Amino acid sequence: MKRIQITEHIVQFEQEGQQMPCCLTAYTGNDGLVLIDSGQSTRTEELEQGVQELGFQAPRFIINTHASLANVGGNGAFGTSPTILAHRGTRTMMQSPSHLLAELGADALPDVEIDGPVTLHRDEEEIRILPLSGSHSPTDLVVHFVHAGVACVGDIYGGRFFPFPTFGGHATEFSRVLTELRELLPSNTKLLYGHQSGVGSLQDFQEILDMMEETVPIVKQGVAAGKDRDTLIAEGLPERWEHLSRPGATAAGWIYVLYNDFTDQGFEQPDQLVPLYEGWKAGGGDGAVARIREEIAENAEIDPQFERAFLRFGYWLLRDKQSPSNAAKVFRLWAETFPASWNAYDSLAEAHVALGQTALAIEHYRKSLELNPENENGKTELAKLGMS
Ligand SMILES: [Zn+2]
């Protein structure tokens, strides 16, 4: 992990992520180490090493800024040694099969759940933990090192990019949360973000607040006028916000999550992951596929939002479980169920690359590009495979 010294006692770790880096923070002093977020479950070895390099065997406390695979994945790496603090509701989320966090086991669960401000005293430092949920996720909190003048905001603010909610989060809540946070913290506070290393400031928020002030009503009015999601995405947003796009946080994605909020669909339907997860528990990738085939046979029409479940579950198998053969089975069923989905073929191709099956990877990347000639990832990956 890359290590960045923020103040005398505060260090930021940067883990390599899939689409974006994942950042953790460590506070060290005579009273021990406090870790803010524990990173990805596939990177616990480098986390242990990072903690040792700071002169500790294990953190005394871990504080999770929210419950997601990139933030709580290393919670169990130190056994029962650390006391883990998180927002109320985190335990339930982590135990339910619908969030793919249950695999992390009992050691990863928070010991203390909070739903009001809490102060932790370490040496001379006063660590204020401020629950501020609803936008990125239902379990967001901010960790403010009062004397150092530093705050970890998790994914409430993702940098100069379109904001992105995760399970149970609400795009329409970002304005409220960012405005509240700006009032809660002193204006010169140094901010540490969940997916961008280095130091930011509360003044950074203004551009995103301006963007939301203009774009939220556009989508709201479109929904009121009876436009569907694809139409709104095709119409797009004013050009001048285009620079806020990056992989994983695009203008189309922003319209998508706003549309879901205004039509009461939420960001994703975590419950759709349950049959996939239960099928996989019972019989691996084949089990997951069999369960979904049953569901499809029982229902005349499959919910288009189920694409998200295939995507999330398949990538969980590919990346978190390091099982490309099972991922390929899930992605193949995705492509079969949604034959017009370029994203399904792109993902299937990626699983074949991981399996070393180059010919199949090329075939599926080509299919994906046929369905969507603008799939830049497909072009890049084909070039890497020596094709054009
Ligand atoms: Zn997150």
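For Leu130, the conditions (1) in contact with a strand residue (DSSP E or B) (Cβ under 7 Å, 6 or more places away or on another chain); (2) surrounded by fewer than 18 Cβ atoms within 10 Å (Cβ to Cβ); (3) not in a loop (DSSP other than H, G, I, E, B) are fulfilled apart from (2). The single residue among Thr42, Thr119, Thr92 that is at pLDDT 95 or above and in the same structural domain as Val199 (by TED's automatic domain parsing) turns out to be Thr119. Restricting Glu307, Glu298 to those that are without any contact (Cβ under 8 Å) to a residue 40 or more places away in the chain, of a type outside the set (Gly, Ala, Ser) and more than 20 Å from Gln19 (Cα to Cα) reduces the list to Glu298. Of all the criteria given as (1) away from the ligand (no atom under 15 Å from the Cβ); (2) outside any loop (DSSP other than H, G, I, E, B), the one not satisfied by Phe174 is (1). The residues of region 46-93 that are touching a residue at least 24 places away in the same chain (Cβ under 8 Å), in contact with a Pro (Cβ under 8 Å, 6 or more places away or on another chain), more than 20 Å from Leu192 (Cβ to Cβ) and away from the ligand (no atom under 16 Å from the Cβ), listed by number, are Ala58, Phe78, Ser81, Arg88. In region 134-167, the residue that is modelled with the highest pLDDT out of those that are more than 11 Å from the ligand (Cβ to nearest atom) and on the phi > 0 side of the Ramachandran plot is Gly149. Scanning region 18-31 for residues that are away from the ligand (no atom under 16 Å from the Cβ) and surrounded by 16 or more Cβ atoms within 10 Å (Cβ to Cβ) gives Ala26, Tyr27, Thr28. Total residues in region 133-151 satisfying the condition of being surrounded by fewer than 17 Cβ atoms within 10 Å (Cβ to Cβ) and touching a residue at least 40 places away in the same chain (Cβ under 8 Å): the figure is 1. When region 133-161 is filtered for residues that are within 30 Å of Leu273 (Cβ to Cβ) and in a strand (DSSP E or B), the ones remaining, listed by number, are Leu141, Val142, Val143, Cys152. Taking the options Glu242, Glu268, name whichever one is within 16 Å of the ligand (Cβ to nearest atom), of a type in the set (D, E, K, R) and either at pLDDT below 90 or farther than 24 Å from Met93 by Cα (or both). Criteria check complete, one pass: Glu268. Tell me, please, whether a residue that is farther than 27 Å from Gln40 by Cβ and at pLDDT below 95 can be found in region 311-328. No, there is no match, as no residue in region 311-328 is farther than 27 Å from Gln40 by Cβ and at pLDDT below 95.
Condition check: part of a helix (DSSP H, G or I) and in contact with a Leu (Cβ under 7 Å, 6 or more places away or on another chain). Does Gly378 satisfy that? So Gly378 passes the test.
The values are calculated or read from the model by the stated rules, or taken from the named source; none is laboratory data. All of these numbers come straight from a predicted model, not from anything done at the bench. Because the Cβ atoms are built from the backbone with ideal geometry, glycine has one as well, and the counts that use them run over all protein chains shown.
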